[in-house]
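Quick notes on the structure that follows.
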Amino acid sequence: MIRPLLCALAVASCLTFAIAQIETPRTAPIPAAQNDASLAAQHGKATAVFAGGCFWGTQAVFERVKGVVNTTAGYSGGSAATAHYSDVTTETTGHAESVRVVYDPSKITYGQLLRIFFSVAHDPTQLNRQGNDVGPSYRSVIFYADEEQHRIADAYIRQLDAAHLFSRPIVTQVVPLKAFYAAEDYHQDYAIKNPGNPYIEVCDRPKIAALKQQFPDLFQKYDGK
């Protein structure tokens, strides 16, 4: 399944964005978080939840990050009763299209995940949209699982705003994670299952390329679950 009209509009928006990037490309990632957790001494699992526009692209980025164990596309911010794609697309549920990232904190830190989130996964200066994907379900959100994540996320946003790395202020929300609901099966690994989809080709494959170019030490090949 695809989003026929939204897909066409978003492709046009992504083409415009791509042209802008050719004129002024970001050749290096944004700075690392000055306040971050240390790598854990032992292997384990921790969870981060991010929303940054269409979850197809957000998932396509994070599933290719070394230290990430698993990713799931889904919904956060609303209730279980409305955690369905047909409801979320009405833009009345409070949900944001989100991705749950399960990672090994002995291999990658929460701050490193945030750096990737802000560098290549989405544009954190767009309010309630990403390109022509418009509405609160496409908003930029960090859903923190505990106070340490809260502290690191808030500090990083202050750091980035103070450095004036973006042409506009960061509008990313930082809110507690109350619940995460997995999206329908056809949304999982959508980008890898539908490589010929114009939306994926124009909007999401450049994000994967940027991840590989900007974070070569953290990039891993991913062929699907």
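Some values worked out for this structure:
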| read-out | value |
| --- | --- |
| Some residue of the range 88-106 being touching a Leu at 6+ places or on another chain (Cβ under 8 Å), modelled with pLDDT of 95 or more, of a type outside the set (Ser, Thr, Tyr) and within 18 Å of residue 152 (Cβ to Cβ) | yes |
| Out of 58, 82, 72, 47, sole residue that is among the polar types (S, T, N, Q) and more than 17 Å from residue 184 (Cα to Cα) | 47 |
| When residues of the range 113-125 are limited to those that are under 13 Å from the mean Cα position of the chain (by Cα) and not hydrophobic (A, V, I, L, M, F, W, C), the one least open to solvent (accessible area, probe 1.4 Å) | 124 |
| All positions within the range 47-104 that are closer than 22 Å to residue 195 by Cα and out of contact with any strand residue (DSSP E or B) (no Cβ under 8 Å at 6 or more places or on another chain) | 57, 60, 61, 85 |
| Which listed residue, of 138, 144, is open to solvent by 10 Å² or more (accessible area, probe 1.4 Å), in contact (Cβ under 8 Å) with a residue 12 or more places away in the chain and touching a strand residue (DSSP E or B) at 6+ places or on another chain (Cβ under 7 Å) | 144 |
| Scope the range 189-217; condition of a type in the set (D, E, K, R), part of a helix (DSSP H, G or I) and more than 15 Å from the chain's Cα centre (by Cα); matching residues | 193, 201, 212 |
| Which numbered condition residue 36 misses (of (1) open to solvent by 60 Å² or more (accessible area, probe 1.4 Å); (2) over 21 Å from residue 184 (Cα atoms)) | (1) |
| Qualifying residue in the range 187-209 (condition: open to solvent by 40 Å² or more (accessible area, probe 1.4 Å), without any contact (Cβ under 8 Å) to a residue 12 or more places away in the chain and closer than 19 Å to residue 142 by Cβ) | no |
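The values are calculated or read from the model by the stated rules, or taken from the named source; none is laboratory data. Predicted model only: the values in this text are computed from it and were never measured. Quick reminder, even Gly has a Cβ in these numbers, built from the backbone with ideal geometry, and neighbours come from all protein chains shown. For the accessible areas, the whole protein counts, side chains as well, though only heavy atoms, and no ligand, DNA or RNA atoms are used. Shrake-Rupley method; radii C 1.70, N 1.55, O 1.52, S 1.80 Å.
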